[in-house]
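A.B. asks: This structure is in structure tokens; I'll ask about it shortly.
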Amino acid sequence: MNSNPSNVMALTSTTSNKKETVCIFGTGDFGRALAYKMIQSGYSVVFGSRQAQISSLIPKGAEVLSHTEAAQKAPIIFIAIPRQHYNFLLPLAEVLHGKVLVDVSNNLKLNQYSQSNAEYLAQLIPGARVVKAFNTVSAWALQSGTLDASRQVFVCGDDKKAKQMVMDIVRALGLTPLDQGSLLAAQEIENYPLQLFPMWKFPIFLSLGLTVFFFFYSLILDVIYPYVNEKKDFSFFIAISIANRISPILALILLALVYLPGVLAAIIQLYRGTKYSRFPDWLDKWMLCRKQLGLVALAFAFLHVLYTLVMPIRNYVRWRVNGRVISQVLNNRTDPLNNTYAWLSDSYLALGILGFFLFVLLGITSLPSVSNSVNWREFRFVQSKLGYLTLILCTAHTLVYGGNRFLYASSYRWYLPNAYMLSLIIPCIVLVVKFVLVFPCLDKPLTRIRQGWERNPRYSE
């Protein structure tokens, strides 16, 4: 009498640990890769195919049946076929009634159809519960296991239980599901894989525009001006000198542009007296791409370091050093050490090294693998407090480099200021405004506003 309950309990325990069978319509690259990953995760996989025979490409352990037989064996069916072939599902409408259909398809161009593929599928098979998922994960990433850059899986659907079932599968595969709401979001999700670096467009185009501007600006001052006025050919400056002039300028300006929108947002919130009003669209978009702006700035900082390291081996630099040594020998004199210039030089280098170190630290903490391992307060401390310290050090690095040369008339060739002077405009504005915002008379009300206080609340109790 006592043996039956124990047997039932053992059977229940074993059954509860076993994962359900999933069906995949489509034996293409993505269908096979998805099956391979699911089998690794403990799922039983059955393929629905027009030809119910085992192919050498089908993952070992998967079963191949006709569409009707395969659909009957699983509550969840992955539709891994192009939209133009969805019509073959019409004769299966009765079998698919109540089933969860996971649409994984993508299109060839943005907004190719007025209706998303998932919505079209739901309209085609009205009795099924359609969920959009897995379209942002590539077949190669699934099969090779290199999912570090694509662990997020966007999921949307009108049926909450069906969506939860799919999200459980996403987690079981070691991925991270992101609930995007109803099936209305499918169009946007289907556009994600077709967008080429959407958050990078503004930083890249901005950096390209600034690069072109400062290249021609430096070309005028360092190459064209000496050639016109002194008949000296310094065209070789283009390879190293001008490049090494542009890279730190771009790094400093882009770093300042990372923190400028935060300052503007604080001013707007103080003016409005609330945090519940939306910022202008241009400011919203600017704030969303600050990470990308910072990474582009870090890339230019790396270029500056590399160009600086090769300076001593340049032919022009060695020629100038040798010429100075020979001049001292011929004149039988030795130039004394100038402690002031020695201090300025060492300070300039020290500020640059410290600034670059913190710059790299900011870049490392922006990586998902690192940012996910720290809490919000730690992340904010690094990106905000250390970020402003980085901006201060890099600005001071540039100021010490320039020294008081801005006072000399020779620094203004054709009445144009040196390029480094232009690079200081935005960073100095950001730092000055931020310094003003730190004053208690502004910092306290700003903190209260960000905590939810409103100067003129819309609804009074």
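A.B. asks: For the residue pair Thr340 and Asp284, what label-to-label distance in nm results when each label sits 7 Å from Cα along the Cα-to-beta-carbon direction?
C.D. replies: 5.5 nm
A.B. asks: So, one more: Given the chain, what percent of its DSSP beta bridges are antiparallel, to the nearest 5? List each step's numbers first, then the result.
C.D. replies: Working: 3 of 27 bridges.
Percentage antiparallel, nearest 5: 10.
A.B. asks: Next question, about the same structure. Obtain the nm distance between the two label points defined at Lys444 and Gln164 by a simple spin-label model: each point lies 7 Å from its Cα along the Cα-to-C-beta direction.
C.D. replies: Each label point lies 7 Å from its Cα, and together they span 4.9 nm.
A.B. asks: Let me ask something else about it. Let me have the relative contact order for the chain, percent, based on Cα pairs under 8 Å that are six or more residues apart.
C.D. replies: 11 percent
A.B. asks: Give the cross-link partners of Lys434 among the aspartates and glutamates, using a straight C-alpha distance below 18 Å as the criterion and excluding same-chain residues fewer than 8 apart.
C.D. replies: Asp443
A.B. asks: What FRET efficiency do you get for Leu65 and Phe381 if R0 is 60 Å and r is their Cβ-Cβ distance, rounded to the nearest 0.05?
C.D. replies: On the way: r = 57 Å, r/R0 = 0.95.
Once the sixth-power term is evaluated, E becomes 0.60.
A.B. asks: Another question about this same structure. Work out the length of the dipole vector of segment 198-451 about its Cα centre, built from +1 on the beta-carbon of each Lys and Arg and -1 on the beta-carbon of each Asp and Glu, and round it to the nearest 20 debye. Present the calculation step by step, with values, prior to reporting the outcome.
C.D. replies: Working: 24 positive and 9 negative charges, 97 e Å.
Dipole magnitude for segment 198-451 comes out near 460 debye.
A.B. asks: Enter the accessible area of Cys428 (Å², nearest 10), with the probe set to 1.4 Å and all protein chains included.
C.D. replies: 50 Å²
A.B. asks: How long are the semi-axes of the equivalent ellipsoid of segment 296-350, defined as square roots of 5 times the Cα gyration tensor eigenvalues? Whole Å, largest first.
C.D. replies: On the way: eigenvalues 176, 61, 5 Å².
Each semi-axis is √(5λ); the values are 30, 17, 5 Å.
A.B. asks: Right, something else. Leaving ligands, DNA and RNA out of it, rank Thr447, Thr340, Thr395 by accessible area with a 1.4 Å probe, largest first. All intermediate terms of the calculation are to be shown ahead of the outcome.
C.D. replies: Details: Thr447 60, Thr340 90, Thr395 5 Å².
The ordering from most to least exposed comes out as Thr340, Thr447, Thr395.
A.B. asks: Given Cβ point charges of +1 (Lys, Arg) and -1 (Asp, Glu) and nothing else, what value in debye, to the nearest 20, does the dipole of the chain about its Cα centre take? Walk me through the intermediate numbers first.
C.D. replies: Numbers: 43 positive and 25 negative charges, 184 e Å.
The calculated dipole for the chain is roughly 880 debye.
A.B. asks: Another question, then. Which order, highest average first, do 433-440, 298-305 follow once you tally other Cβ atoms within 10 Å for each residue and take the mean per peptide? Provide the component values of the computation, followed by the final result.
C.D. replies: On the way: 433-440: 12.4, 298-305: 19.2.
Ranking the peptides 433-440, 298-305 by packing returns 298-305, 433-440.
A.B. asks: Also: Once the other residues with Cβ under 13 Å from the Cβ of Tyr36 are scored (Lys, Arg +1; Asp, Glu -1), what is the net sum? Write down the numbers at each step before the final one.
C.D. replies: Working: positive: Arg32, Lys37, Lys60; negative: Asp29.
Computed value for this residue: +2.
A.B. asks: For the cross-link pairs Lys163/Lys285; Lys109/Lys201; Lys132/Lys161; Lys160/Lys291; Lys109/Lys161, which exceed 23 Å when the distance is taken from alpha carbon to alpha carbon?
C.D. replies: Working: Lys163/Lys285 30 Å; Lys109/Lys201 18 Å; Lys132/Lys161 14 Å; Lys160/Lys291 34 Å; Lys109/Lys161 31 Å.
Checking Cα-Cα distances, Lys163/Lys285; Lys160/Lys291; Lys109/Lys161 exceed 23 Å.
A.B. asks: Assuming R0 = 56 Å, can you tell me the calculated FRET efficiency for the pair Phe88 and Phe435, based on Cβ-Cβ distance, to the nearest 0.05?
C.D. replies: After rounding, the FRET efficiency stands at 0.25.
A.B. asks: Something else about it: Could you sort Lys60, Lys109 by their accessible area in this structure, using a 1.4 Å probe and putting the largest first? Could the numbers behind the result be given before it?
C.D. replies: Values: Lys60 195, Lys109 125 Å².
Solvent-accessible surface, decreasing: Lys60, Lys109.
A.B. asks: Could you pull the accessible area for Val263 with a 1.4 Å probe, rounded to 10 Å²?
C.D. replies: In the full protein context, Val263 sits at about 0 Å².
A.B. asks: When only C-alpha pairs under 8 Å and at least 6 residues apart count, what is the relative contact order of segment 152-202, in percent?
C.D. replies: Numbers: 43 pairs, mean separation 21.4, N = 51.
This gives 42 percent for segment 152-202.
A.B. asks: Another question, then. Tell me the carbon and sulfur percent of the accessible area for segment 19-194, rounded to whole percent, probe radius 1.4 Å. Working shown, then result.
C.D. replies: Details: 4110 of 8290 Å².
Taking all protein chains in place, segment 19-194 shows 50 percent carbon and sulfur surface.
A.B. asks: Toward the positive end of the charge dipole of segment 198-451, about the Cα centre and with charges on Cβ (Lys, Arg +1; Asp, Glu -1), which of Leu399, Leu306, Ser371 goes farthest?
C.D. replies: Ranked along the dipole, the leading option is Ser371.
A.B. asks: Could you rank the peptides 402-410, 245-253 by their average count of other C-beta atoms within 10 Å per residue, with the highest value first?
C.D. replies: Ranking the peptides 402-410, 245-253 by packing returns 245-253, 402-410.
The values are calculated or read from the model by the stated rules, or taken from the named source; none is laboratory data. What you see is a predicted model; the values in this text were computed from it and never measured. Note: ideal-geometry Cβ built from the backbone for every residue, glycine included; neighbour counts use all protein chains shown. Heads up: the accessible areas ignore ligands, DNA and RNA and are worked out on the full protein's heavy atoms, side chains in. Shrake-Rupley method; radii C 1.70, N 1.55, O 1.52, S 1.80 Å.
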